[in-house]
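Single-structure report; data block below.
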Amino acid sequence: MVDKILVIGSSGQIGTELVEELRKRYGNENVIASDIKEPQVIQHGPFEIVDILNKIQLADIISKYKIKEVYLLAALLSATAEKNPAFAWDLNMNSLFNVLNLAKEGIIKKIFWPSSIAVFGPTTPKINTPQYTIMEPSTVYGISKQTGERWCEYYHKRYGVDIRSVRYPGLIGYKSKPGGGTTDYAVDIFHQAILAKKYECFLSENTTLPMMYMSDAIDATIAIMKTEDSKIKIRSSYNISGISFSPKEIAEEINKLMPDFKISYLPDSRQQIANSWPQTIDDSYAKNDWGWSPKYNLFTITKIMLENLEQLLPKENKY
Ligand code: NAD
Ligand code: AKB
């Protein structure tokens, strides 16, 4: 029998695609989607409104479906978190404690919780950023992710909680809109290319950041969860790397398929956040421990994003 899975924050950018893939693998009825808002796309399978900060609601759903595995995706991302640091801290930390404590009590067996490249800060080496290095994040989001990593490791060592985590870079997909991050430009740019043939970027042209196509991120997530327990050596969070590029480089790639696309630059407060993050990531621990390997490069991502958004975005809004 398959263990029942609960995805919390399932209506967001990652949740939308993770639920679809988990259901393909484990069956619609075995994957329960949950969020405080309705799904962005039509999903086939159970959906429940659950506020992760409401312990009673959470306990009810866990018991109703006899949940054994939780993917906790609810969080405020970097840019949104800066607008309300106190609430971001409350949501990002207490959501994690609510789930960790269910595992500590033996009610659930396994947790996936994502960290981020935001755990690194201005004093971290920016090129080929190592797994173990200086970590002085300067955003409330980064501080919450770094603290979360420490608690994950603590709950594993102290209480034997089976928690698995990766530090996602900026994620790019066409199936849903991003939810308030600094790397969102790398999704928005494709929408605006299709809708307006131009894009005003909120980061400067040479701001290089680590990024990844959503399918690679979903593969990494499911792969780390399926890996034999003894092979997961890091219980804080694993570096994983896809590709790295700047706004100028992605615009050049779009121009190869859409020669009349134009980009301009008007950096805002997100520039400072981007400046504090790595440019490239060393993911050798993930490669060695559980065989991580990305498949998509900038060329394939650009082609997939443009082709799919051309079909999906409403014709009447196009240029
Ligand atoms: P998102 O903002 O698109 O989705 C988060 C979802 O959580 C939303 O649907 C939101 O409604 C839901 N949510 C918010 N408060 C909730 C609550 N109280 N109870 C239940 N649900 C609630 O974010 P995402 O991009 O899907 O990211 C998911 C996770 O991955 C987050 O932890 C984020 O930090 C991490 N991450 C994402 C990226 C990325 O590029 N998308 C990169 C690094 C890490
Ligand atoms: C953000 O920009 O906040 C996220 C992340 C890298 O964690 N995409």
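The values are calculated or read from the model by the stated rules, or taken from the named source; none is laboratory data. The model shown is predicted, which means the values in this text are computed figures rather than measured ones. Glycine gets a Cβ as well: all are built from the backbone with ideal geometry, and neighbour counts include every protein chain shown. Accessible surface areas use protein heavy atoms only, side chains included; no ligands, DNA or RNA. Shrake-Rupley method; radii C 1.70, N 1.55, O 1.52, S 1.80 Å.
Structural remarks
- Surface calculation, 1.4 Å probe, protein heavy atoms: Asp3 sits at approximately 50 Å² accessible.
- Global form of the stretch 13-101, assessed from the alpha-carbon gyration tensor, a/c cut-off 1.5: oblate
- R0 of 35 Å, Cβ-Cβ distance Thr147-Asp188: FRET efficiency to nearest 0.05: 0.75
- Solvent-accessible surface of the chain, taken per residue with a 1.4 Å probe and all protein chains present: 44 Å².
- Radius 12 Å from Cβ of Asn98, net charge of other residues (Lys, Arg +1; Asp, Glu -1): -1
- For Ile107, net neighbour charge (Lys/Arg +1, Asp/Glu -1) across residues whose Cβ lies under 14 Å away: +3
- Beyond 18 Å in Cα-Cα separation lie the following of the pairs Lys4/Lys24; Lys198/Lys295; Lys24/Lys145: Lys198/Lys295; Lys24/Lys145.
- Taking amide hydrogens as placed 1.01 Å from N in the peptide plane, the amide H of Gly179 sits under 5 Å from those of Gln13, each at least 5 positions away in sequence or on another chain.
- Relative packing of 139-147, 35-43, 281-289, which averages over residues the other C-beta atoms within 10 Å, highest first: 139-147, 281-289, 35-43
- Under 5 Å between amide hydrogens, built in the peptide plane, is the criterion, and for Ser244 it picks out Met211 among residues at least 5 positions away or on other chains.
- Rounded to whole numbers, the Karplus 3J(HN,Hα) couplings from phi for the stretch 227-238 are 5, 3, 3, 5, 7, 8, 8, 10, 10, 7, 6, 8 Hz, using 6.51 cos²θ - 1.76 cosθ + 1.60 with θ = phi - 60°, and x at Gly and Pro.
- Stretched out straight at 0.36 nm per residue, the stretch from Lys83 to Ile127 would grow longer than its current Cα-Cα span by 12.9 nm.
- Paramagnetic label reach from Asn94 (point 7 Å along Cα→Cβ; backbone nitrogen cut-off under 16 Å): within the stretch 60-86, residues 74-76, 84-86.
- Residue pairs, from the table Lys66/Lys177; Lys64/Lys110; Lys37/Lys256, whose Cα atoms sit over 26 Å apart: Lys66/Lys177; Lys37/Lys256
- Classified by the C-alpha gyration tensor, the chain has a prolate form. Its axis ratio a/c, with a ≥ b ≥ c, is 1.5 or above, and a/b is larger than b/c.
- Summarising the strand pairing of the chain, around 10 percent of its internal DSSP beta bridges are antiparallel.
- In range of the label at Ile107: residues from the stretch 1-35 whose backbone nitrogen is under 14 Å from the point 7 Å along Cα→Cβ: 6
- Estimated inter-spin distance, Asp268 and Lys287, nm [label 7 Å along Cα→Cβ]: 3.8
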